[in-house]
Amino acid sequence: MSDISMTGIGTENVWVSESQITFDSLSFAHKSDGREMTVYMIDINYFKEINDQYGHVAGDEILRETSERLKQMFPGGQHYRYGGDEFLVIVYQPAEDVYNADTFEFTQEQYGAKVLLSIGNAQGSPADYQGFFDLISQADKALYVVKKRTHFPEFGGYDRRSAR
């Protein structure tokens, strides 16, 4: 498996190998100027359905475009394709200074596919390496709260299953 995915950002393998360096950088930044870290977990909603409707070539293009949009949304952050259609972004600023919404929508122009990203975040200044992973886990849990809301009508979301 390549260390850089087709999206042009690091894969989960890169994240695992860089995680200690990332934590060390965070610790230094927090000690020097009190900056907190914000971890974002991002998921492309209904990605399988997008692949089924538009094809895998379109799905690959949507992954690449999502990666580019995340770089624009989170400048200066560390960006990783965490797996499948999930992304991890780490920034050294509070969420309200970077991106504080829990969704982002765009249309992939070439295929006309509507893409909705669910975004969960957690912020803090972990005291140790395990705390760093706990922060990622909190962001992942926040992501699934958003996904629940955006997927099911009973929680205010759009049910694509009934729209077919």
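Read the figures in this text as sums done on the coordinates, not as results from a lab. Just so it is clear, the model here is predicted, and its values are computed rather than measured. Heads up, the Cβs are rebuilt from the backbone with ideal geometry, glycines too, and the neighbour counts pull from every protein chain shown.
Summing +1 for each Lys or Arg and -1 for each Asp or Glu, what net charge is found among the other residues whose Cβ lies under 11 Å from the Cβ of residue 92? Intermediate results must be reported in sequence, preceding the final value.
Details: positive: 35; negative: 33, 36, 97.
Summing Lys and Arg as +1 and Asp and Glu as -1 gives -2.
Backbone amide hydrogens, once placed in the peptide plane, bring residue 102 within less than 5 Å of nothing, excluding anything fewer than 5 places away on its chain. Counting neighbouring beta carbons within 10 Å and listing from fewest to most, the residues 44, 62 come out as 44, 62. Residues 56, 151, 79 in ascending order of nearby Cβ atoms (within 10 Å, fewest first): 56, 151, 79. So, in Å, what gap is there between the alpha-carbon centers of region 98-115 and region 69-87? Taking the Cα centre of region 69-87 as reference, the centre of region 98-115 is 13 Å away. If the chain linking residue 104 and residue 60 were pulled fully straight, counting 0.36 nm for each residue of separation and taking away their Cα-Cα distance, it would gain 14.0 nm.
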